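Heads up, the thing below is written out as structure tokens.
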Amino acid sequence: SMPSEIVAALEEALEVATRNVPAFEGLNVVICVDVSGSMSSSPVTGTRKGSTTQVMSIDAAALIGSSLLRRNPNSRVIAFEGRVVPVKVNATNKVMHNARILAGVGGGSTDCAQPLVKLNQERASVDVVIFISDYESWTGYHGITDGTQMQGQWDLLKGRNPNAKLVCLDL
């Protein structure tokens with residue numbers, strides 16, 4: 001319902017602001033965006049008294065993931081819920097275009113291990129794995145000595161990629 005000139009100006013401002021997003025030059029980067037149902041069920045600031053935002057966690061995650069992709073065009077984006085969800089985003093698209101694609105998929109349960117399972121099945125070579133989620137990474141908890149499925153999958157990936165780093169952005 002906004003005039004197209006304002007929408008275009010806001011999209012251009014977002015493109016300019018994206019220049020401040022970190023670039024991981026020369027590294028194999030994987031961006032994992034949580035598109036599960038919990039990401040669409042409450043605003044990113046929560047529902048506590050005094051929170052006023054209408055921005056949902058899925059929208060923030062999609063925007064962050066798309067901004068990272070823009071600055072790191074050779075990155076791979078994996079959308080996930082209880083499974084990996086196929087998405088087609090492209091670093092040459094406008095940030096908002098990719099964010100709309102990411103925010104428009106998913107809705108199932110949360111399993112943060114699934115992107116790592118996929119990377120391990122592919123025996124992927126990675127340097128940085130970035131998760132953007134409301135962090136239900138504790139799902140699949142097997143006890144204090146065994147950790148979670150996510151931890152087990154990270155251990156496998158790290159065994160093949162000893163210098164890999166895991167970045168967790170908890171919304």
Subject >> Karplus 3J(HN,Hα) series, Hz, for the stretch 91-100 with 6.51 cos²θ - 1.76 cosθ + 1.60 (x for Gly, Pro) >> reply: 4, 7, 5, 4, 4, 5, 4, 5, 4, 4
Subject >> Carbon/sulfur fraction of accessible area - the chain, other protein chains in place, 1.4 Å, % >> reply: 54 percent
**OP:** Kindly state, to the nearest 0.05, the FRET efficiency for K165 paired with V84, given R0 = 22 Å and r defined as their beta-carbon distance.
**Re:** 0.60
**OP:** Mind listing the long-range amide H neighbours of C32? Cut-off is under 5 Å, sequence gap 5 or more, other chains count too, H placed in the peptide plane at 1.01 Å from N.
**Re:** I78, I130, F131, I132
Subject >> Accessible area of the stretch 43-171 divided out per residue, in Å², using a probe of 1.4 angstrom >> reply: 52 Å²
Subject >> Contour minus Cα-Cα distance for A91 and D155 (0.36 nm per residue) >> reply: 20.1 nm
Original post:
Mind checking which of A13, A91, A60 has the largest fluctuation in a GNM of the chain, springs on alpha carbons under 10 Å?
Top reply: A13
**OP:** With a 1.4 Å probe and all protein chains in place, put V21, V29 in order of accessible area, largest first.
**Re:** V21, V29
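The values are calculated or read from the model by the stated rules, or taken from the named source; none is laboratory data. None of these values were measured; they are calculated from a predicted model. FYI the Cβ positions are ideal-geometry reconstructions off the backbone, even for glycines, and counts take in every protein chain you see. Note: accessible area is taken over every heavy atom of the protein model, side chains too, but ligands, DNA and RNA are not part of it. Shrake-Rupley method; radii C 1.70, N 1.55, O 1.52, S 1.80 Å.
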